[in-house]
Amino acid sequence: MKPLKIKKNLFAVTGKTRNRFSKYFRKMMGFWAKKNNLESSDKNLVYTLASSKIPSSEQIKHLDKTLSKKESLIIKICLAVVLINIVYLGVRFYDKHISILPVVGGTYHEAVVGYPKNINPLYDTNRDVDSDLSALIYSRLFTYDVNGELINDLADNITTSDNKTFVVTLKNNVKWHSGETLTADDVIFTFNLITNPDFNSPLRKNFSSVSVEKVSDSQIKFTLPTVYAAFPNLLTFGIMPQSVWENITPDSATLTDLNLQPVGSGPYKFSSLLKNKQGEIKEYRLAANDDYYGAKPYIKNVVFKFYPDANELVSALNDGDVQGIAYLPLDHKQALLAQNSLNFNSLNSSQEDLIFFNSTTNKVLADLEVRRALALALDKKTIVRDVFYNFYKVIDGPLTPGSSAYTDQVTKYDFNSEAANAKLDEAGWSKIVIDNNNLAASSSEIKAIVSYASSTKENANGLWRFKKDKKDNVTLLTVDLSVVDGSDSASVAGKIKSYWEAVGVHTTLNTVATGDVTNLISSRSFETLLFSEILGSDSDMFAFWHSSQTGDKGLNISSYKNTRVDKLLEDSRATADKTLRATNYGEVQKIISNELPAIFLYEKNYIYVQSKKVKGFDGRTIISPSDRFAGISHWYLKSKNKFSW
């Protein structure tokens, strides 16, 4: 038996093998060394021939040919990130270190409808054009800021101990445009002109039985017959120079050249005017008052251009003749070109549209549930959207959201036709649908409907509501809606009619000429009336809802009477405590919205359109249209960049 032999490890390296491996390794190392030397030589040759180590644009064009798709995507992402960061850092740097500063200069042109006639504080409230110019030329004891808040103007301060006697102290060194100094004598002189019945100023009614006296050259005392905490809100009339007006008689007050070439103490002064061949004023130019006591305007000149109607206003803005238009009727909005270059400033105006009820001329409206049904039947949001492009705001009570005493804790009547129908059903108003199939029927209700439709020239077809008494006498649920002549009002009235008739309340529209509205209201010869109220700066609702204001000259249009409301309004007038007044007015709003003497529709914002080239406008609330100029000293047309670390 042969002895067992153990084989060596197959992976063991013998001397001979080691020698072969070593020889092979040296050969390979020599090959790589030679290759690396060749590549290094190639690189050196390329670098020697290249003018720059940075790839040229021509080389970058061919980058995709040398990179994989993945590598190309990564590079593009990195480049995008770098670019975004550069832009971001640039914007941050600009925002932080570059500021835009207004520069004095330039001329602002504004188009308005109408023409100036009496640019003086005695009569300027009668015409918006006069009021606009007067607001820039004359100063007032008090004025309104861009938020509609009462602020000091000529007055340095006002004091009172009992809300019946008010002492006003004037600012020092106020100059008239003529260079003379404004004193307490000028204030008293202006007040006496306003209260003089011979001058017939529309402001006279605000100061019945109010007396004034001079305390010193810089102080005036006003004494009221009764307590009235909001009296300073009435001292917003322009002050006129005694030295210029003292020889003007009442008969010549509306004829003097001072009405078109006034002397005031405001931020702008009269410069010139331009008339056409027919003698009509076409342009009115104002220049900045360099001696103005307040913030001096940046805009050097303001030019008003006058047009006969809104169509020409829009054309003037489209043609670049002006940089702003005083007021934009919303039915003209679509006619404006290049709207992206315009600012549509929607200003709270403390003006609201309501539907007033008169239960004296239509007994049906004495039923609260009927009034509530009529309110629920209206889709106010759709009206605001379709007619006013959502520039207006839906309201539910007698004060607008901009009022300091406003509360939204009132009874709301959101659109709900089912609820409206249910209320009318519960109130005993039966329904009948009239069409050609039953129009000739002989029932008493159909005869009444046909007769009514014939007399009012309305369509008899549709849903009707009626009541029958035991003698088969028929009462139809119908209303007459009076509306002031105007495109916006007509559109709104048409929608109200369609909503009410959808629940069976047939509505006849009665269009009233603007000149006839006063007589319609004073005689209370309407059933329902679509009309506007201007609330003013203070939250005082006395003139609109106190029972003493229900007469033929009062503004309580619905003849609303509530003893609790009367007491709250009287107490609020007698106190300067803002918290107490807000509490009282809050309760008034709740009571009125619940009893619904009128349907509160929407707040009518003032749409002031300007070119975006006009900078610095920051108005939010106006009491009257001229208050859009409240911050005009901060407007500017020219600017410069300032660098700072």
Taking the condition within 30 Å of the chain's Cα centre (by Cα), surrounded by fewer than 19 Cβ atoms within 10 Å (Cβ to Cβ) and either more than 20 Å from Ala630 (Cβ to Cβ) or at pLDDT below 95 (or both), does Thr125 pass? yes
Of the criteria (1) modelled with pLDDT of 95 or more; (2) surrounded by fewer than 16 Cβ atoms within 10 Å (Cβ to Cβ), which one Thr226 fails: (1)
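Yes/no per residue for (1) under 37 Å from the mean Cα position of the chain (by Cα); (2) not small (Gly, Ala, Ser):
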{"site": "Glu213", "(1), (2)": "no, yes"}
{"site": "Asp217", "(1), (2)": "no, yes"}
{"site": "Ile220", "(1), (2)": "yes, yes"}
{"site": "Phe231", "(1), (2)": "yes, yes"}
{"site": "Gly238", "(1), (2)": "yes, no"}
{"site": "Pro241", "(1), (2)": "yes, yes"}
{"site": "Glu246", "(1), (2)": "no, yes"}
{"site": "Asp251", "(1), (2)": "no, yes"}
Just give me the residues in region 249-259 being part of a loop (DSSP other than H, G, I, E, B) and surrounded by fewer than 19 Cβ atoms within 10 Å (Cβ to Cβ), in sequence order. Thr249, Thr254, Leu255, Thr256
Within region 454-482, count every residue that is crowded, with 18+ Cβ neighbours inside 10 Å, of a type in the set (A, V, I, L, M, F, W, C) and in contact (Cβ under 8 Å) with a residue 40 or more places away in the chain. 4
Please verify whether Val302 is outside any strand (DSSP E or B) and closer than 20 Å to Ser131 by Cβ, treating the condition exactly as stated. no
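For region 416-430, name all the residues that are in a loop (DSSP other than H, G, I, E, B) and surrounded by fewer than 19 Cβ atoms within 10 Å (Cβ to Cβ).
Asn416, Ala427, Gly428
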Residues (over 23 Å from Trp176 (Cα atoms) and not aromatic (Phe, Trp, Tyr)) located in region 204-225: Arg204, Lys205, Asn206, Ser208, Ser209, Val210, Ser211, Thr223, Leu224, Pro225
Tell me the strands (runs of 3 or more DSSP E) entirely within region 593-645 that contain at least 2 residues that are surrounded by 19 or more Cβ atoms within 10 Å (Cβ to Cβ) and within 20 Å of the chain's Cα centre (by Cα). 598-603, 606-611
Quick check on my filter: what residues within region 527-566 are farther than 18 Å from Ser593 by Cβ, modelled with pLDDT of 95 or more and of a type in the set (D, E, K, R)? Glu527
Options Ser271, Ser218: the member that is out of contact with any Phe, Trp or Tyr (no Cβ under 9 Å at 6 or more places or on another chain) and among the small types (Gly, Ala, Ser): Ser218
So Asp485 ticks every box in (1) in contact with a Ser or Thr (Cβ under 8 Å, 6 or more places away or on another chain); (2) buried (at least 17 other Cβ atoms within 10 Å of the Cβ); (3) within 30 Å of Ala460 (Cα to Cα) but one. Which box is left unticked? (2)
Region 82-195: strands (runs of 3 or more DSSP E) wholly inside it with 2 or more residues that are without any contact (Cβ under 8 Å) to a residue 60 or more places away in the chain, touching a strand residue (DSSP E or B) at 6+ places or on another chain (Cβ under 8 Å) and among the polar types (S, T, N, Q) are 155-160, 165-170
Step by step: first the residues of region 261-281, then only those that are in contact (Cβ under 8 Å) with a residue 40 or more places away in the chain and within 14 Å of Gly114 (Cα to Cα), then the one that is surrounded by the most Cβ atoms within 10 Å (Cβ to Cβ). Which residue is that? Ile281
Does at least one position in region 371-383 carry a residue that is more than 14 Å from the chain's Cα centre (by Cα) and either polar (S, T, N, Q) or farther than 28 Å from Trp500 by Cα (or both)? yes
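The values are calculated or read from the model by the stated rules, or taken from the named source; none is laboratory data. What you see is a predicted model; the values in this text were computed from it and never measured. Here Cβ is always computed from backbone atoms with ideal geometry, including for glycine, and neighbour counts include all displayed protein chains.
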